[in-house]
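Take a look at the structure set out below.
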Amino acid sequence: MRIWLAFVTLLCAAPAAAQTLVPQKHVPAAVLEQLRAVEAQFEAALARDCAPERCLPKGCIYRDHTVVDLPRARSLPGFDEEEGPGSVPLQEYLTSAQCEFVHEKNVNARDLQALARRLEQKLSRGWLKVSIARQALEPLSSALAQPPADDEGAAQTPETQSTPSPTAATPPREQEAPARELWLTLLPHFAWMIALVLVTASAMTLIWSLRRLGRESLEERALLAELGAQASHDSKNSTEADTEAEDKTPLRDDPAFVAAAHGLWSDRIAQIQLGKDNGVIVELLRQWLKQGNFALLAKAIVVFGDRLSLAFPADGDLAVRKVEFADYLRQLDETTLPSDAEFFRKLGHHAVSSTLLSQTDAAVYHSLRDEFGMAGVAALMARLPPRFAALLFALSPTEFHQDLARALAPAARALVAGQLLLSNRMAPEEQTYLFAALAAARAGGTLPAAPPEGVLDRGREIDAAGPMALLLQELTPDERRRLFAEAVARWRGGLPPWCQTIVAPALLLNLPAHTQAELLLEVDVRELAAWLWTFPAAARQPLVDTLPTALQNALRAHTDFGSRAEQVALAARGRSALAAAVQRAAAAGKLSFETLWA
């Protein structure tokens with residue numbers, strides 16, 4: 001604004017700075033006479049073209065003249081005459097003059113320009129060039145325009161009082177004069193001002209278009225994700241149909257393979273006591289019965305004989321499964337059983353799996369799924385010290401995390417989250433104690449005493465980011481901010497890399513809508529849907545509602561998962577991809593973890 005005021009002041013002061021100076025050299029008398037003649041012609045022409053009430057002449061000034069002192073060239077040679085400067089009288093000619101008039105401010109500017117050009121055309125002739133200048137008169141105050149009310153004026157008769165001319169222009173009001181003067185001053189400059197504004201707008205538009213050229217918008221990326229979802233869904237259906245067709249095609253029996261496998265497994269079964277031994281084969285048969293895998297179990301009895309039924313204990317744990325298997329055997333159609341080659345291949349795979357699960361550490365960890373429910377794990381966490389309760393929460397089955405996070409009391413939930421934020425590593429002595437506590441809980445005994453606290457943040461890494469996300473989803477914003485402040489203070493102003501991979505819908509809602517969409521569009525739509533649908537509807541729906549419509553449709557099209565295990569695997573990949581996108585955005589300065597955890 002100050003720049004514009006200075007510019008307007010400079011324009012208004014320009015006429016004063018352009019005042020005409022007195023000639024610095026002698027002007028011949030003949031030239032002055034010609035100038036007076038031009039001035040008389042100017043006054044007469046101005047009086048004819050403009051009313052005296054509107055325009056008044058200010059006279060004409062000298063600009064330049066020319067002196068001729070050379071004689072005319074002779075056309076007949078041989079006559080003696082003097083030639084050269086001084087041989088003839090001097091002749092002075094006025095060549096340039098400037099005339100000026102003043103006018104009222106209420107005269108139209110376009111009319112004034114036409115009047116000036118008309119006067120120049122009338123006065124300029126031959127070698128004489130006359131330029132016309134004009135100047136606006138200052139408005140007359142209304143107080144000065146009224147005559148004084150004295151006795152002499154009061155004694156005048158109405159006949160002697162002069163009536164105002166009907167053609168006289170009413171002087172403009174005093175309050176309108178500054179605005180009109182400003183308008184008349186700026187009017188000649190509007191062209192380049194408008195051009196400057198248009199050029200600036202065009203440059204900004206061009207820069208914006210060059211930066212956006214070739215980049216996909218959020219709506220386009222969401223639409224592509226929706227189209228990709230439909231194509232993926234169609235290809236998935238065709239793949240499943242092909243897989244089902246392949247599954248229905250039985251494997252061709254290789255006689256050599258079947259004979260070798262039959263001999264190997266027959267020798268192994270013959271060397272064990274099925275009723276007393278707890279080896280791999282016995283555990284495998286019990287797992288088949290416990291899981292209801294009656295087809296493989298019936299095939300094993302058909303191949304190796306009914307002696308295998310001795311492997312099932314009579315302690316009542318599998319009584320219901322035994323009755324169900326007996327009903328299955330009564331209605332058995334052997335043509336529906338797997339072929340010999342397929343049976344021996346699956347037998348080998350299941351035997352290796354059973355061997356791994358029979359190891360002590362795996363058996364203890366596997367017992368969390370088979371022997372503990374969600375309420376049992378929650379009760380065991382309440383009996384453990386806070387650090388080991390947090391480790392048990394992180395190591396518990398993935399399908400327990402969501403229910404456990406909601407089942408914990410608010411104070412216990414915040415305590416477990418704070419313990420997990422301390423470190424994502426489990427020391428060997430912590431692992432030993434935790435497995436001992438699980439074994440004691442399985443046996444129904446008293447939990448062992450906890451070991452003394454050692455060096456923190458050592459041992460093998462555990463997946464703490466996924467369970468932490470579910471805990472943070474259930475915490476209040478104040479609790480999340482407190483945990484974040486404690487973690488930042490503990491790590492001297494920053495967060496460890498594994499804490500930067502914690503993402504949850506409640507955290508993403510703290511970001512702007514366009515940042516949310518950009519982050520989520522960097523993740524495969526099927527993996528993103530699997531991750532979002534691990535959270536309850538009340539937690540994920542506010543985030544889904546902020547996304548573009550095309551992306552919402554794409555997410556809903558990918559919610560049909562083949563199994564819980566498939567969803568868990570896809571969700572883990574989606575969470576990793578989303579965490580990587582968050583870290584890239586934080587490195588680029590598009591977001592801060594303080595805002596994310598707010």
Exercise. Where does each of 502-515, 55-68, 178-191 land if you order them by average Cβ count within 10 Å, highest first?
Worked result: 502-515, 55-68, 178-191
Exercise. By per-residue mean of other Cβ atoms within 10 Å, what is the highest-first order of 516-523, 488-495, 535-542?
Worked result: 516-523, 535-542, 488-495
For this session: Whole number please: convex hull volume per residue, Cα atoms of the range 429-533, in Å³.
Result: 176
Exercise. Cα extents of the range 544-589 along the three principal axes, largest first, in whole Å?
Worked result: 38, 26, 11
For this session: Beta carbons within 10 angstrom, averaged per residue: use that to sort the peptides 202-209, 526-533, 338-345, 555-562, highest first.
Result: 526-533, 338-345, 555-562, 202-209
For this session: Report, by chain and number, residues whose modeled amide H sits under 5 Å from the one on Lys58, excluding near sequence neighbours (fewer than 5 apart, same chain).
Result: Glu100, Phe101, Val102
For this session: For the range 368-477, evaluate the Debye formula with one uniform point scatterer on each Cα (no solvent term) and list log10 I(q)/I(0) at q = 0.12, 0.16, 0.22 Å⁻¹, rounded to two decimals.
Result: -0.37, -0.68, -1.30
For this session: Enter the per residue convex hull volume of the range 503-598, computed from alpha-carbon coordinates, in Å³ rounded to the nearest integer.
Result: 83
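Here, each number is a calculation from the coordinates, and none is a lab measurement. Every value quoted in this text rests on a predicted model; they were computed, and no experiment measured them. Don't worry about glycine lacking a Cβ; one is built from the backbone with ideal geometry, like all the others, and counts go over all protein chains shown.
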